[in-house]
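In what follows, a structure is listed as structure tokens, so that the remarks can point back to it.
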Amino acid sequence: MNPLEAIAANRERHETNDTKAQADNDELPQLVRNAFDAGYTGPQIATAARVSKERTYQLRDGRR
């Protein structure tokens, strides 16, 4: 599974299973960092994560 697929799977689990939502939210910043490290762009990651491009950079940098 490539980093974008891992992010998309995380978001799918988050949306369909409230009991795991917090664990998925906790995992997302590391998945985003992995995707950046693998060479994906902010817009590509944002699409997979279903968040804004700006939010991907916040997640990567540990802000908010």
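Rule-based calculations on the coordinates, nothing more; no lab input. Owing to the predicted nature of the structure, the values given are computational and were not obtained by experimental measurement. All Cβ positions, even for glycine, are placed from backbone atoms using ideal geometry, and neighbour counts span all protein chains on display.
Give me the percent relative contact order of the chain, please, defined on Cα pairs under 8 angstrom at least 6 residues apart. Answer for the chain is 34 percent. Note on Thr47 and Ala9: the model spin-label points, each 7 Å out from Cα along the C-beta direction, lie 2.0 nm apart. All other residues with a Cβ under 12 Å from the Cβ of Glu54 taken together, and with Lys, Arg as +1 and Asp, Glu as -1, what is their net charge? Result for the neighbourhood of Glu54: +4. Working note: Cα atoms of the chain, range along each principal axis, descending, whole Å: 31, 27, 16.
Computed about its Cα centre, the charge dipole of region 3-61 is approximately 140 debye, with only Lys, Arg, Asp and Glu carrying charge at their Cβ.
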